[in-house]
Every structure is written in structure tokens, then in C-alpha cells.
Amino acid sequence: MTNPPLAKIIPHRLEQHGQVRVDNYYWLNDRSNPEVLEYLQKENNFATAQMLHTADLEGALFEEIKGRIKQTDLSVPFKQGDYVYYVRYEEGKEYALYCRKKGSIASPEEIMIDGNELAEGHEFFSLGNWLVSSGQDILAYAMDTQGRRIYSISFKNLTTGEILTDVIPTVTGNMEWGNDNRTLFYSRQDPETLRSYQIYRHVLGTDPEKDELVFEEPDETFSAFVTKSKSKRFLLIGAHQTVSSEYWYLNADTPGGTFQVFCPREREHEYEVDHLGEYFYIRTNDQAKNFRLMKAAVNAINRGQWKEVIPHRAEVFLEGFELFREYLVVEERKQGLIHLRILPHSGGSEHELDFGESAYLAALGDNYEIDTPYLRFGYTSMTTPMTIYDYHMDTREKTFLKQEEVLGDFHSGHYQTERLLAPAEDGTHIPISLVYRKGFSKNGSHPLLLYGYGSYGASMDASFSSARLSLLDRGFVYALAHIRGGEELGRQWYENGKLLNKKNTFTDFTASADFLVQQGYANASKLYAMGGSAGGLLMGAVMNMRPDLFQGIVAQVPFVDVVTTMLDPDIPLTTGEYDEWGNPNQRDSYDYMLSYSPYDNVQAVAYPHLLVTTGLHDSQVQYWEPAKWVAKLRAAKTDDHRIILKTNMDAGHGGSSGRFKRYEEIAMIYAFLLDLAGMGGS
């Protein structure tokens, strides 16, 4: 096939606030229509034809990326109760084995479940969650075999090896055991919107169809989940939306009881709860934009009785905390970087872990035990593979446990990372993390890939990717723009990139790209951009605002039909996101969203080369958004640049399942970029 498929035009009128929009490709939103599936397949065939000349490169890249991965591998074991648990992989197999050993890692291995066996006969397979009961003899595990993040829960008796007859279908995968070794709480989603809104109670051996509904969230902007406190003393139901939250609690020893509200919800009040000893600990934004930490006695939880543990600080964002018998560990973000601070409950001197690089990611690890002096954490940077440590909080000694092994000739010292500040249009300075192979010269000759996200307050941290080495070793620079809409510089950074400030996200990204060219990090004619989901919205908006800025763009599962999607309360992720994007039923939000929505602002101009990926079963960004966008771009654009739409017909938002199969898409993306940069033969 040499000519791209042209989607037929069927005008569809959409009227809101007295304005009429005509959507010529609205018909593509019916996945049950054979014509829709036929069109998507034609696009896939066209994509194959367009990429035929890079097929050898794509195959070589896949083998190269796969060749860096240690096929027989073992995760760092973690202790929970009487067992140590770990995940391991066997050579040539796509899925993990979930294992445990009693007492210590030197004991005989017990394979709880083998993902490869569970995946047999399925094009897609994902193990969403697994939990061992309080008696450590029953395993609950959730499986998705479609890619739409709709799971079924099964149970296995770990003593006898028997798979129990209890099967709970169409659930979210979120679950938690009571302390009686028989009761499992789990969340269920709305079948249309996939909003997690119900919590059920299941008792082993009973009919799941008769499970008791213990909590239902009626507000369509909230989602609900169940968890357990670090102390294992309390079961917790959380209900969250963008700007407020609420928790309910129940003694886990009496799982048949009734949950009680912890702190009634209020708009603009977000909080999280955990428990240790005689206190609940609460991370709250009450009078604290960047959050503070409070505690309340178990028998005195009214908000007026909360006592401050860590005050609010304008320059520090409190991201989270971890409770131990003797210590409180807080995860804080300062100047965009994570810091871990250790505070003894006794009131002795506190201290902080020093990581020593200009751009990195540090994160709390598997810390399930309270009575231990060890803190487990992970550390990675753009030059350092993920490394797991145990840190002794008394002696302040750090024990190396494991570093992600990169096979081949990888040496961390061959690469260099930097952190820059780019001036935005309004004078704000945007942090940029970047990495390149040593020997690089800032002479404006190098191809550069700029990645961005900038939504939901999600911080994009500088971390390692062994796959990325395939670009760096060929002369690419990789840069990550920490644009507004994320939370890298605190809650205000997020708020300045959402709702009626959303365009800051887009202009921050273009300013970062311009800066990198001006400073000699990139060749202006070999500048590329990539983003996924809400980052795909970023790609679409930037394309319309600055169509001449990038030579090529990769948009993964892109959220590009903003207004039409947000006007439809019956599809996933709409009502719960009014506080992120705005409610288009309100005129000011409608007008603002319409002014940047990528699909609604396609123009008759020359656009960059474009590679778009999606999944037919995507539960977060429906496949028809990128499909419609590509169809409209094909009809409107004035250039002869490539537009490639690749639909995974067997997967959802996360792409292909399996340990290695997912790298096929990365190899395709890298081949696309290298070809555009004139490196298609390398």
C-alpha cells in the first residue's frame, strides 16, 4: 500500500453553548462497527508499508534492547510476616514467577503462581495485584486478559496447591485482606465509565454473587479503593477526586463490622491516613498548600484534635511518609528533587540521605515491616540503573542489595547527565534533565529527543532506561522537560499548569525546546518530541501552536479530542477529571479547552512527521481519539510528511503485555526517529 487510507467523511453535529462543531470522523467511536475495525487494520497495513525500509533496523534495535536485559533474573526479596517474597524470571519467558521462602532466602523455594502458565492461550495477560492472607496460606490474585484493566480475582491455597472455586469477575484488581484469614475486600468499577466506586466484602467459600456491598461512592467525580494501615490494625477505604478526599476505617480484626468515617470530605481538602501504635498519621493540605504531617490519637480523631508533626513549608513539598516503630521517614521534594529525611520518634537528631547527583530519582521501597531499623529505598539517575539499598537508620550504614544489570558493554561512566533551567515566556524557569554519551559537544549538530507530560501533578523524574542507550550510543541527546502541570516544584507548579492555566504546560515545552537549540544541545532540524496519554495531548497542542518546531513527533495513546471526550460522562475518566481540565458544560472552561484541543485545532499547514500509537481496548484514552486525529490531519495538512498510526488490536493503554514484547514498540519508535535523523542505516 503506497497511499494512506482516507477515512470516509460522515458529518456529525455537536452543539454546546450555542456553538456548533462538525465532527466528520465521529463515526470511528464505535468499536463494534466492522467498518471501524477495517479502517484501523488498513492504517496498520499502511504503517507496515511505510516502515518497511526500516524493518531491518527495527529488528536490530529490538534484539539490541532485548540483549541488554538479563533474562534469568530475581527481584530483591522483601520480608512480610514469616516469609520472604520475590519475583523471578526465566530465560526465554515473557512473564514472571511469584515466589516465596519461609524464614530466609536460604530456605526451599515455593512458587506461588507462574505468570507464563496463567498467560497461556491469551494474546494479552497482566497480573494486576496479588496478596497473601493474614494466615499466609491463601493467595488472592487478579488477572486481566484483555488489556482494559478489568480483572478477575482467583484464590489459591498455598498449603495444598489447590485453586479455590471462588472467582470474582469484573473488578479493578484493588483488594485487601481482613485479619481473620477469610475475608477479602475488593473494589468494583462502573461497567461503562470504569470508575472504581464500590467496595465489596467476600468471605471465602461463599458465592461471590452474594458478596456484601460495604461502600458505594455516589459522586461521579470520586473514585474509591481499599487498603490497610502499615500497622495492619485497620482497614481503610479511601475516596479521592482531584481536589478532595475522604477515608473510612474499620478494625481489621473484625472485618464483618461497619466502617466509620475518619474525616468528612470537604472541597479543597486532600488527606491520606496511616496508623502506628496509638496514633493515626495524616498527610494533609489543610492550611498547607505543599502539605504537612499531623497525628491524632486513635480515640481522638476529630480534625480539631490533630497535632502537627511536620509543618508546612513553602519551599518543600511533602510527597509521602513511611512509619517504623522507632522512626518516621518522610519523602520530600526540594527544588524538584526527592529527599529522604529520617526522624526518630524519640525526638533525637534527624538526618537526610545524600544522593550526590544533579538529577536523579530516589523512592521508598518495599517497607512492610514496622519493627526494623532498616529502610529500603531505590535510587536511579539517567546514568545509573535502578539500585536497591537497605539503610540502617541507627548506624546510618547503607547496604547495597542489587542494581539492575545491563548486559553488553554498558558503563555508567560513558554517559553524562545535566540539569538546566530554561526561561519560559512569563519568565518562569523550567527545569530540564538531560543525558548524552560522553564526547558530546554543544555545537548544535546533534539530534535531540525531548520528552514531556505535565498533567495530574505527576512528577517526571530523571531515571535510567537501558533501552534509551540505543539512541544515546548513536549520538542522540535525550531531555526531559519538567513542565508545569507536574508537581516537581510543589503544588503551585501543578496548579499553574491545569484548568485555565493549562497552556503554560504547552508553552513551557516549546520554550524548553527553543532553549536546548539556542544552547547548542540540539540541531534545530533534528529536534524530536515524545509524550503519551496526557503527554500526547501536549504533543498535539504543541504541533498546532508551533508546527515548524519539531522535525518529528511521537504521540503514544494521545488524549487529543479533549472537548468531545469531556462532554461525554459515559466514557472512562470524564467526570472525575473536571477539576483537571475543566467542565465544558461551563462556558469559560468550554471556550478555553476548545482553544487548545488538538483535534479541534487541526489546520491546513505543514506538520512534523508523526508516529501515533493506540490500543483498541484502551480504558483511559479511547482508541478513536488518535484515530480521528490522524484522519483529520491527513485531510488537512499541506505537507508530504509521514503520518503513521499503529493500533495494537490486542492491548490497551499500557501497550503489549510481556517482559520483552513491549520493547517491540520502543524499537519501532526508535527506528522512526533514527530514520528521520538520517541514521536509518546505523
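The numbers here are math on the coordinates, done by the rules we state, and not lab data. Values in this document were obtained by computation on a predicted structure and should not be read as measured data. Please note: Cβ atoms are built from the backbone with ideal geometry, for glycine as well, and neighbour counts cover all protein chains shown.
Of note:
- The packing ranking, built from the mean of other Cβ atoms within 10 Å per residue, places the peptides 118-129, 543-554 in the order 543-554, 118-129, highest first.
- From most to least packed by mean Cβ count within 10 Å, the peptides 100-112, 199-211, 520-532, 278-290 give 520-532, 278-290, 199-211, 100-112.
- Shape of segment 379-439, Cα gyration tensor, a/c cut at 1.5: oblate
- Cα centroids of segment 65-101 and segment 392-438: 25 Å apart.
- Between helix 503-518 and the chain there is an angle of about 60 degrees, using the helix long axis and the longest principal axis of the Cα atoms.
- Label-point gap, in nm, between Q305 and R396 - each point 7 angstrom along Cα→Cβ: 3.8
- Computing Rg and the Kirkwood Rh from the Cα coordinates of segment 291-437 gives a ratio, Rg/Rh, of 1.04.
- Euclidean distance of C-alpha centroids, segment 118-190 and segment 273-322, integer Å: 33
- Note on T160 and A363: with the Förster distance fixed at 30 Å, the Cβ-Cβ geometry gives a FRET efficiency of about 0.20.
- Three semi-axes of the equivalent ellipsoid, the chain, Cα gyration tensor, whole Å, largest first: 39, 30, 28
- Extension gain, D640 to E35, is 215.1 nm, computed as 0.36 nm per intervening residue step minus the present C-alpha separation.
- Nearest-ten-degree value, helix 55-67 long axis tilted from longest Cα axis of the chain: 20
- Once you divide the Cα radius of gyration of segment 34-148 by 2.2 N^0.38 Å, the number left is 1.48.
- Against the rule of thumb 2.2 N^0.38 Å, how large the Cα Rg of segment 326-406 comes out: 1.10
- Taking 0.36 nm per residue of separation and subtracting the Cα-Cα distance, full extension of the segment from S445 to V605 would add 54.9 nm.
- Seen against the Cα atoms of the chain and their longest principal axis, helix 534-545 is set at about 30 degrees.
- Bridgeable lysines around K438 (alpha carbons under 21 Å apart, same-chain partners fewer than 8 residues away excluded): K526.
- Here the calculated FRET efficiency for Q287 and T387, from their Cβ-Cβ distance with R0 = 30 Å, stands at 0.20, rounded to the nearest 0.05.
- By the Stokes-Einstein formula, at 1.306 mPa s and 10 °C, segment 38-101 with its Kirkwood radius over alpha-carbon pairs has D equal to 104 µm²/s.
- Between E216 and D180, full extension at 0.36 nm per residue minus the direct alpha carbon distance yields a gain of 10.6 nm.
- Cβ crowding within 10 Å averaged over residues, with 620-628, 426-434 ranked highest first: 620-628, 426-434
- Greater than 20 Å apart at Cα, pairs in K66/K101; K70/K156; K232/K289; K628/K661; K230/K295; K503/K646: K66/K101; K70/K156; K232/K289; K628/K661; K503/K646
- With a Förster radius of 22 Å applied to the beta-carbon distance between E315 and E425, the computed FRET efficiency rounds to 0.35.
- Estimated [θ] at 222 nm from DSSP helical runs (n ≥ 4, -39500 (n - 2.57)) normalised by residues in the chain, nearest 500: -5000 deg cm²/dmol
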